[in-house]
1. Could you give me the ³J(HN,Hα) list for region 49-54, computed from phi with Karplus coefficients 6.51, -1.76, 1.60 and θ = phi - 60°, whole Hz, x at Gly and Pro?
2. HN-Hα J couplings of region 36-47 from phi, Karplus 6.51/-1.76/1.60, θ = phi - 60°, integer Hz, Gly and Pro as x?
3. 5 Å is the cut-off here: which amide hydrogens, built 1.01 Å from N in the peptide plane, fall below it relative to Thr29, excluding neighbours closer than 5 in sequence?
4. Determine ³J(HN,Hα), in whole Hz, for all residues of region 70-78 in sequence, where each value follows from phi through the Karplus function 6.51 cos²θ - 1.76 cosθ + 1.60 and θ = phi - 60°; x replaces Gly and Pro.
5. Quick one: what Rg and Dmax do you get for region 24-63 from the alpha carbons, in Å?
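A short reminder: the numbers here are calculations on the coordinates, not readings from a lab. If you're wondering where the values come from, they're calculated on a predicted model, not measured in any experiment.
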Amino acid sequence: MKSLKIFALIFFAFSSPSASAESLLGYLTDSAGKYIGPSVKDNIVIMDTDKNGFADVTEVRAFLAQKHGKDYQKSVLDRWEVQSLGGGCPIPLAKEFYSESSQ
């Protein structure tokens, strides 16, 4: 648990240059020092817009776009979405055919 706090502190410190370590630590923990941020389960419930019990690729992508902007990790999420649709062929020529057939 301590390593999770350290990781979160480092992540937020570098992603927000104006934030101080003390304010981040106060934001992520309660008065006893216990992590109080959202759990993985909490985030999945938020992402699961069709309420089927899991967050699929498109729901995760929409969640991340809402939090970080529509082009957040675009290449990674594009590849992930294509692979989830069964079009994960790594040959560049195949990608062109896949793009045309999906339109």
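1. These are the phi-based 3J(HN,Hα) values: 6, 8, 6, 9, x, 8 Hz.
2. For region 36-47, the Karplus curve yields 10, x, x, 7, 4, 4, 4, 5, 5, 4, 5, 6 Hz.
3. Under 5 Å from the amide H of Thr29: Ile36.
4. 5, 9, 5, 6, 3, 5, 5, 5, 4
5. Cα-based Rg and Dmax for region 24-63 come out at 13.4, 38 Å.
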